[in-house]
Each structure stands twice: as structure tokens, then as C-alpha cells.
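Notes for the one structure printed next.
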Amino acid sequence: MAQQREQAADDAMMTRIGQVVMLAHAGDREEARQRFLGLWAEIGADGDPLHRCTLAHYMADTQDDPADELAWDLRALSAADGLTGERLAAHEESLALRALYPSLHLNLAADYVKLGRPGAARSQLARAWAVVDALGDDGYGAGVRAALRRLEQRVAALPDSGADEDDGSAGPPGRSPGRPGGDPLGPPRSGT
């Protein structure tokens, strides 16, 4: 009985996050940002990793500043590192923990491109390709692979400045990264 109530609460939070995602996709990014921040406060920094990962992943898409987008994508990766296969199975059996990582690293690579850090972008692309075999042969998997190839071509055309190194803030699965600058991941700082 307690497990059913816990699962219903889980489904309710995922539904609420999904509703805000629809708001963002409808074009109301500012309202979506505000609602995501409210949900983030409810979930808490130590809340359910699936909720944090999902919310941070979509919150990143509502950001206007590439540095803020990167910070939210790093939060998503950090939360994914805290997920277990059992936790994902309790939400949706078709999800596999490893299948999250190619997309998370793809997002980080795109963030680094926007920030003019091609070396960090290349590093994240390499991490995505290293775990891409976790994706299925479905539309989602094909879409992520196609996006990786497109971004890889874009990054290959960028000059290699030599000064841009991956800061290690988004390491391989199992490592909890910090924010750029070494700050811990959590609720955004004022102005972030």
C-alpha cells in the first residue's frame, strides 16, 4: 500500500514536470522557468534523482544565457549519476539508465559550443559516443545519433584554440560534477 502511494506521488511529480514542459514547448519560456523553479524548490537538492534529472534537463532548454543552460545541464547529469536502474524501473520499465547519458552529454557538448569552448564540446561528444550503444534502434535513438553527427560536424569546423580544455565538470557516469567554477550543484545562485 505504501509503495502504491509512493508511486502515485512519483507519477504526480512527473506529470507536473510534463505540464511545465508543454508550457515551455508552447513558447512561454519565462512562465515555464518560474514554474520549474517552484518545482525544483519542492523536490529539493536531495530529492528524487529522477525528478531532479528530468526537471533540470528541461529547465536547461528554457534558459536564455548559455552559462545558465550549462549549469542546468550539469545538474541533470549530476542527478542522473544518482539514479539507479531500480528507480527508473519503478517509473517506466522502458527506460534504461545508460540510455540517458548520450543525450545528457550531447546537451553539454552543445552548451560548450555556445560558450565558445570547442575542446570541452569535443570531450562531451566523445563521452556521448562512448555510451551511444545504450540507445535503442527506435526513433529516439536515431534522433540522438543524428544530432550527435550534426554537432560533431559543426564542432569539427571550429578552430582548435588549444586553450579550451574540458574542465572535468561533467565526467563519466558515476562521477558527480560540480558547477563551472567549482560550486556545488543545487538551486541556482541569485542571477543564475
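Of note:
- From phi via Karplus (6.51, -1.76, 1.60), per-residue ³J(HN,Hα) for the range 30-36 in Hz, x at Gly/Pro: 5, 5, 4, 4, 5, 5, 4
- Sequentially through the range 17-29, phi angles give Karplus couplings (6.51, -1.76, 1.60; θ = phi - 60°) of 4, x, 5, 5, 4, 4, 4, 5, 5, 7, x, 9, 5 Hz, Gly and Pro residues having no value and appearing as x.
- Accessible area of R16 in the full protein assembly, 1.4 Å probe (Å², nearest 10): 90
The values are calculated or read from the model by the stated rules, or taken from the named source; none is laboratory data. Only a predicted model underlies this, so the values are computations on that prediction, with no experimental measurement involved. Ligands, DNA and RNA are excluded from the accessible area calculation, which covers all protein heavy atoms including side chains. Shrake-Rupley method; radii C 1.70, N 1.55, O 1.52, S 1.80 Å.
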